[in-house]
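The values are calculated or read from the model by the stated rules, or taken from the named source; none is laboratory data. Treat the numbers as computed from the prediction; the structure is a model and nothing was measured. All Cβ positions, even for glycine, are placed from backbone atoms using ideal geometry, and neighbour counts span all protein chains on display.
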Amino acid sequence: MARDHVEYLKCQELTLAPLMDNGISTGMLVCELSRDHITSAVSYYGKIAPQWIRRESGYFKSACEILVLNGDLQLGNTVISEGHYSYLPAGALQGPAISENGCELFLFFEGLPKFIESTQSCVGCLEDLRISALDARGMPWGPPPGHEGRPAEEAPVGLKVKFLREDPKTHAYTILCWQGPDWSDPDIERHSIWEELILLDGDFLMGRMGKITGGTYIFRDGAIAHGPQVSKKGSVWFARGPAAIDFDYQRVSWANELIDKYLSADHLFDDTSDRGPWGRWRG
Ligand SMILES: [Fe+2]
């Protein structure tokens, strides 16, 4: 695997440093969450100060996904507001960038994040795939679709999904996933692809890894078994993968005991401890 296994990082506890471009600081503060050692694809959690500006127009050589957690980021004429998502295909023109109120955001680059000054998109840019500013937090939830190894009717009860993006060729996906209160899935799962996950809101227990809360980041090769999974207050995940996800399940004898223990651990919960750092995404 070209990216290391990350499980867990807590974004709001990380040290941020200036994002550099050709030896010059962009003014954006970021923390690298994971990096592909072969392709240089990289995921950042970042902060931008109020009145930040990049006056140049241009494009990134690599496709870029943006999730704005609070505040605002304007690219050209498009304002990406709190809770909004953007997908810029490789070579897609961005106008000058400004943040009026500052923001916290995630940035996901499919390769080296090199900015090229230009007044037009790169030749060959797949402009049709651009998603300018999708209201990820406000759009409605839908039922989980069927996947290889998990038909829709076998999805755990209490699961909902929002599809932010699906590549028409590779079926690479970016979704939000919701689990209701007292939700659980006793099975251990594996996938044929990697998955990248951020718990935006709520609480979760991921198998033997311990309880987590909003702001937690995971990058996991699909071959790494994970589960059982359980949430007491409910949870919302931001999730990405490089192709259509599939499921390979395994049953373990100790799953239900672990789930019951977590759901009855009232001392681990109060009214405030499981609120995410970026407001309420559970609806
Ligand atoms: Fe998984």
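If we scan region 186-196, do we find a residue that is away from the ligand (no atom under 16 Å from the Cβ) and under 23 Å from D135 (Cα atoms)? Lay out the reasoning, then the answer.
Quick first cut of region 186-196, residues away from the ligand (no atom under 16 Å from the Cβ) only: none.
Scanning region 186-196 turns up no residue that is away from the ligand (no atom under 16 Å from the Cβ) and under 23 Å from D135 (Cα atoms).
Of all residues in region 101-118, which are touching a Gly at 6+ places or on another chain (Cβ under 8 Å) and either polar (S, T, N, Q) or not in a strand (DSSP E or B) (or both)?
Initial filter on region 101-118 (touching a Gly at 6+ places or on another chain (Cβ under 8 Å)): 101-107, 115-118.
Correct list: N101, G102, S118.
Among the residues of region 200-223, how many are out of contact with any helix residue (DSSP H, G or I) (no Cβ under 8 Å at 6 or more places or on another chain) and closer than 17 Å to Y44 by Cβ?
3
Do any strands (runs of 3 or more DSSP E) lying entirely in region 144-258 carry at least 3 residues that are over 17 Å from the mean Cα position of the chain (by Cα) and in contact (Cβ under 8 Å) with a residue 12 or more places away in the chain, and which ones are they?
Here the list reads 183-185, 188-190, 229-231, 248-250.
Answer yes or no as to whether C103 is surrounded by 17 or more Cβ atoms within 10 Å (Cβ to Cβ), more than 25 Å from L14 (Cα to Cα) and not acidic (D, E). So that I can check it myself, show each step before the final result.
Values: surrounded by 17 or more Cβ atoms within 10 Å (Cβ to Cβ): yes; more than 25 Å from L14 (Cα to Cα): no; not acidic (D, E): yes.
Judged against the criteria, C103 is not a match.
Which pairs do you get when a residue that is in the same structural domain as I193 (by TED's automatic domain parsing), found in region 1-26, comes within reach of a residue that is surrounded by fewer than 11 Cβ atoms within 10 Å (Cβ to Cβ) and at pLDDT 95 or above, reach meaning Cβ atoms under 6 angstrom, with the pair 6+ apart or on two chains?
Matching pairs, first to second residue: none at all.
Tally the residues that are away from the ligand (no atom under 14 Å from the Cβ) and under 12 Å from F204 (Cα atoms), restricting the search to region 232-274.
Initial filter on region 232-274 (away from the ligand (no atom under 14 Å from the Cβ)): 232-234, 236, 251-274.
Checking which are under 12 Å from F204 (Cα atoms) leaves us with 232-234, 236, 259, 262-263, 268-269, 274.
The total comes to 10.
Does region 72-86 contain any residue that is among the aromatic types (F, W, Y), in contact with a strand residue (DSSP E or B) (Cβ under 7 Å, 6 or more places away or on another chain), more than 21 Å from C122 (Cβ to Cβ) and modelled with pLDDT of 95 or more? Steps first, answer last, please.
Looking only at region 72-86, we keep the residues that are among the aromatic types (F, W, Y), and these are 85.
After this cut, where a residue has to be in contact with a strand residue (DSSP E or B) (Cβ under 7 Å, 6 or more places away or on another chain) as well, the list is 85.
Then drop every residue that is not more than 21 Å from C122 (Cβ to Cβ), which leaves 85.
Going one step further and asking which of them are modelled with pLDDT of 95 or more, we end up with 85.
The answer is yes; a qualifying residue exists.
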